[in-house]
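The structure appears below as C-alpha cells.
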Amino acid sequence: MACAAPPSPLPAHRSATAARVVFAVGPHPPGFYRRFKPSTGGAPRSSLRVVASGFKADPVEERPPVAPLADVPFSADASSPVEPQPQVSTGTWKWKGYNIRYQYAGTSGPALVLIHGFGANSDHWRKNIPVLAVAHRVYALDLIGYGYSDKPNPREIEENFYTFETWGEQLNTFCAEVVQSEAFFICNSIGGVVGLQAAVMEPKKCKGIVLLDISLRMLHIKKQPWFGKPFIRSFQSLLRNTIVGKLFFNAVATPESVKNILCQCYHDTSAVTDELVQIILQPGLDPGAVDVFLEFICYSGGPLPEELLPLVKCPVLVAWGEKDPWEPVELGRAYSSFDTVEDFIVLPDVGHCPQDEAPELVNPLVESFVKRHT
C-alpha cells in the first residue's frame, strides 16, 4: 500500500514534526541524533547478529477484542500443519480505582507480558498474542492513559503521574494480581523503558526482557546543551498551558495524519492498513486522551535506558529494526556493551515497530529467548 498519496492537513514541516512526536517513541529530530556512551564500562560481551527475513486469572470484566485478529501463520512450510491458535480474550482489571484493559490467551507455559509504545495499545500486538499463546500464557495490557484504559486528567491527580515509575508499578502489580507469577516482558519503544523500570523496581517479578527498538529518549533534558534547556521548558509550557497544544493534537488526530506518521516509521508501508490506523487513532479520540498526550510529550525527565540497564538483574535481548527512522540502529548498538544484554539483533528492512511489521521475525526470537531462560 502506497502511503505517500494521502493528503495531510499539516504543512510539510509540521507533518514531519508530528511524526516524531505523535505515535511515538521518544521523538527527536535528526539534529539530535548523536552517539552516547553507556554508563557501564568494558568491552562488548554480546554478539551483533542480523536475522534474515495453565493458569489464567479471571478478569473483572470480559468483552470481545476491539480489533479483529489477523491470520498470522507461524509455519513457513505450507505442507506442515499449523496448530490452531488460542482464542484471545479481553478483560478489565481495577488498579488504584482505574479500569485497565488487557488481552490474554494461552493456558500453560511461561508467562509473557507485552508492553506497547507511546500512542499505541495492546492491539498493536494482535499479530503476536495468538502465535505466542500456543506455548505460553500471554498478556498484553494498555498502560494507564493509553488505549482503552482509563485516562485520568494529569491536572486533577498528583503531580507527575504519567511517569515510568507509575507504569512500572502498574506492570508489577499486574503481574502480581492478574498473571500471578513471574513473567517475561516483551516491549516496544517507550514500553521498553517501562519494562526496564519495572524490573529494577521489583527484580523477582521479571525473568527476562526483550527490547524491540527501545526509545533512546534523545529529547531527555540530560541530553540537551545547557543553552537549550530554557527553550525546551518554554515550549513545554506553551503546549501544556495554552490552546496551542490542543490545536496541535487535533491536527494530528485524523486518519490521514496517523497514516502518514505510520508510513514514516514502518519501512514496509504495506503493513500500514486501515485497520492499523484505526487501532492507533480510535482510543486517541477518547475524552482525556489529549491531556495525556500533551503530558507525555512534555515529559523530558525520568530514567534513561542506559541508566536502567546496569541495574537490571535478568537477561535482556535487544532487537532493532535496521530501517528505524526515529531510533537509529547505529545508536542502538551501544546497548550491546551492557553485561546484562546477551545479544543484539538487527532486523533487516524493518522499521520502528517490528512486532507488527515483521511478526514472522519477532515471534521466533521471543520464543527462543524464553525457551533459553525457562
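The values are calculated or read from the model by the stated rules, or taken from the named source; none is laboratory data. What you see is a predicted model; the values in this text were computed from it and never measured. In this analysis, Cβ positions are derived from the backbone assuming ideal geometry, glycine residues included, and neighbour counts consider all displayed protein chains. Calculation scope for accessible area: heavy atoms of the full protein, side chains included, ligands and nucleic acids excluded. Shrake-Rupley method; radii C 1.70, N 1.55, O 1.52, S 1.80 Å.
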inquiry  = What aspartates and glutamates does Lys204 reach when the alpha-carbon gap must be under 18 Å and sequence neighbours fewer than 8 apart in one chain are set aside?
reply    = Glu165, Glu169, Glu177, Glu182
request  = At a 1.4 Å probe radius, which order do Ser257, Ser234 fall into by accessible area, largest first?
outcome  = Ser234, Ser257
task = Within 10 Å, count the other beta carbons around each residue, average over each peptide in 182-188, 339-345, 328-334, 204-210, and list them highest first.
result = 182-188, 204-210, 339-345, 328-334
query = How large is ³J(HN,Hα) for each residue in region 128-135, as worked out from phi by the Karplus curve 6.51 cos²θ - 1.76 cosθ + 1.60 (θ = phi - 60°), to whole Hz, x for Gly and Pro?
reply = 10, 4, x, 6, 5, 6, 4, 10
query = Taking a probe of 1.4 Å, how large is the accessible area per residue of region 327-374, in Å²?
reply = 29
message = Let me check I've understood the local charge: for Ile157, count other residues with C-beta under 13 angstrom from its C-beta, Lys and Arg +1, Asp and Glu -1. What total comes out?
response = -3
query = When the Karplus curve 6.51 cos²θ - 1.76 cosθ + 1.60 is applied with θ = phi - 60°, which whole-Hz ³J(HN,Hα) does each residue of region 156-165 get, with x for Gly and Pro?
reply = 10, 10, 4, 5, 6, 6, 7, 9, 5, 5
note = Counting only protein heavy atoms and rolling a 1.4 Å probe, one gets per residue an accessible area for region 255-307 in Å² of 33
request  = Give me the percent of the accessible area of region 109-150 that comes from carbon and sulfur atoms, probe 1.4 Å, all protein chains in place.
outcome  = 54
task = Calculate, for region 96-146, the solvent-accessible area per residue in square angstrom, rolling a 1.4 angstrom probe over the heavy atoms of the protein chains.
result = 16
note = For region 353-369, in residue order, the Karplus 3J(HN,Hα) values (coefficients 6.51, -1.76, 1.60; θ = phi - 60°; whole Hz; Gly and Pro = x) are 10, x, 4, 9, 7, 9, x, 5, 8, 6, 4, x, 4, 5, 4, 5, 5
